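Here is the structure we will look at, set down as structure tokens.
Bear in mind that the values in this text are calculations on the coordinates, not laboratory data. Keep in mind that what you see is a predicted model, and the values were worked out from it rather than measured. All Cβ positions, even for glycine, are placed from backbone atoms using ideal geometry, and neighbour counts span all protein chains on display.
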Amino acid sequence: MARGAPAAPLRRPGPRQPRRPGGAPDRARPGGGRVDGPRLVSPPVETHYGVLGLGPRASFEQIERAYRHAAGLYEGDALATYSLLDDEERQAARARVEEAYAILKDPLRRFEYDRQLGLDSETAPSYAPPAAAASPATARAAAVALPEPVTGADLKRFRESRGIALREIATASKVGVRYFEYIEADRRDVLPAPVYLRGFLQEYARVVGLDPRRTAESYLARLATAR
């Protein structure tokens, strides 16, 4: 009876190596972060989420933590990557991390980026982005509150009474004009998810001289009850 081929020797597992930028988890959970369960599939490897090892519903706090961890991996004296990457590779990796962080930490830029990825409102984060700090002059002018409930037509009339064009609001807020047109027309079918809409309403109100918080809350409350 012929002998079989000798069994291949077992290989002892070596130490795990740190991921290079661009590595992403296979799965993402609705709350963000890493998970092995078969729920929401994370974005492709080269997305900004993948660079930071996050899922598309990661919170701002998770983004901050992931950024600090990833940036630390590519410091010049970081032991985890010192023997794996040369200076040029380390600088490129750090630049990729900074690019990802710059997009994901900004609610408006993140919204546009998510649209490019095809992420809809179901995969949008379930929290409100922090509002940008208003200047003293803007804060003084933001004391006006419209009667509730606030409608798109109310906003348009107030804006026009102040002689402010939508293009001015778009330039100041870095939000596309069409979104403010949708808001004024109450286009529920094309309005962004509430988490983003709140930020857009606050920016609109801040520029025209309305109370940002009350304006956004009243408009969103009306939409919620109308559904």
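Taking the three principal axes of the alpha carbon atoms in segment 136-226, the coordinate ranges are 34, 25, 22 Å, sorted in descending order.
For the residues Arg198, Arg187, what sequence is obtained by ranking on other C-beta atoms within 10 Å, fewest first? Show your work: numbers first, answer last.
Values: Arg198 21, Arg187 13.
Neighbour counts put them in this order, fewest first: Arg187, Arg198.
Each of His48, His69 was scored by other Cβ atoms within 10 Å of its Cβ. Arranged with the fewest first, they read His69, His48.
Counting other beta carbons within 10 Å of each residue's own, what order do Tyr219, Tyr101 fall into, fewest first? All intermediate terms of the calculation are to be shown ahead of the outcome.
On the way: Tyr219 27, Tyr101 20.
Going from sparsest to densest Cβ surroundings: Tyr101, Tyr219.
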